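Just below is one structure, and these are the notes that go with it.
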Amino acid sequence: MRDILIIGATGQVGSELTMELRKRYGNEHVVAGYIHGSEPKGELKESGPSEVVDVTDGSMIAQTVKKYHIDTIYNLAALLSVVAESKPELAWKIGIDGLWNVLEVARENKCAVFTPSSIGSFGPETPHAGTPQDTVQRPRTMYGVTKVTTELLSDYFFHKFGVDTRSVRFPGLISNVTLPGGGTTDYAVDIYYSAVRGEKFICPIRPGTLMDMMYMPDALNGAIKLMEADPSRLIHRNSFNIASMSFAPETIYEAIKKVIPDFQIEYQPDPLKQSIADSWPDYMDDSCARAEWDWKPEYDLEAMTADMIEKLRARHI
Ligand code: AKB
């Protein structure tokens, strides 16, 4: 049995990861950490404990870890790629000063730590087709800089202090519970909301732009499976490429059109989002994750599209 703290529990990943972990480990064993202004609501609030945990305040993290005898921290606090370009200092403060606080508390209290990296940790010089596990990582975005640093610092704490740090490089995550907000891959979420609302979708990314994407249930399974993996099999730690599908905007549009035939799209590329997208992999090679901890996604584009549309329609969004 684990006692888990999720930092950033009300965000896109956190809101669903918290519920999934409560299902697997029991409600009382999973604490939802949030900051003022993004309080948990509904089932997330009612189903288990929650605490104000600001990642930039190490003593707050330590207090919660001690109070609930936490042994595993999922550290999800971060600014996404687009918003980080307008607030680079804050992105560093949350992503790296915050990570330092988490790792220090983990070292003192013997906690395992999961902190996601991203396809954003790669840059223009990275091989874009079949991006290898170990390759050039010279991103030119602040988001990317924080993600590469996250990988290095997490590995440092593992090698130097024995802190059990593990991580995956998430592709763009597509989900229907909490909106992402501030990322380059957000278009692949927004497009479903437009389609279900019967609106034309204005796409900020040019046709032909390939990026790795993943449906949230696979992302949650990946994170949890890695944290449960036998450590003796792990050659890598921070971070593993994981992949399930790669598509360009016209491909997801066509997949949605098969279900909603009168759906329309117009392309109005956003220069910042486009330049970030162009610097990221077309698709990653995730063979190390498959070999070292049996990573295997379930959803392809068609299965995800059917599920997204069904879920959004059921909620009358
Ligand atoms: C973003 O677009 O910033 C994120 C990511 C791919 O890490 N969704």
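Surface calculation, 1.4 Å probe, protein heavy atoms: W100 sits at approximately 120 Å² accessible.
Of the solvent-accessible surface of the range 173-280, computed with a 1.4 Å probe and all protein chains present, 51% belongs to carbon and sulfur. Taking only the Cα atoms of the range 127-257, the radius of gyration and Dmax are 16.8, 54 Å. Ranked from largest to smallest solvent-accessible area, with a 1.4 Å probe on the protein heavy atoms, L152, L179, L21 come out as L152, L179, L21. Solvent-accessible area per residue in the chain equals 42 Å², computed with a 1.4 angstrom probe and all protein chains kept.
Rounded, prolate or oblate, given the Cα gyration tensor of the range 40-110, with a/c below 1.5 counting as rounded? Verdict is oblate for the range 40-110. Quote the Stokes-Einstein diffusion coefficient, in whole µm² s⁻¹, for the range 188-288, based on the Kirkwood radius over alpha carbon pairs, a temperature of 10 °C and a viscosity of 1.306 mPa s. D, rounded to a whole number, is 102 µm²/s. Structure remark: mean-square fluctuation, Gaussian network model of the chain, C-alpha springs under 10 Å; the largest value among K23, K296, K67 belongs to K67. Taking every DSSP beta bridge that has both ends in the chain, the antiparallel portion is near 10%. Rounded to two decimals, the Cα radius of gyration of the range 192-249 over 2.2 N^0.38 Å is 1.61.
Taking all protein chains together and rolling a 1.4 Å probe, R107 ends up with roughly 90 Å² accessible.
Counting pairwise Cα distances across the chain, what percent come out greater than 28 angstrom? So the pairs more than 28 Å apart make up 37 percent of the total in the chain. Springs between alpha-carbon atoms under 10 Å, Gaussian network over the chain: tell me which of T150, T56, T251 tops the mean-square fluctuations. The residue with the greatest mean-square fluctuation here is T251.
The values are calculated or read from the model by the stated rules, or taken from the named source; none is laboratory data. Just so it is clear, the model here is predicted, and its values are computed rather than measured. Keep in mind that these areas ignore ligands, DNA and RNA; they rest on the heavy atoms of the full protein, side chains included. Shrake-Rupley method; radii C 1.70, N 1.55, O 1.52, S 1.80 Å.
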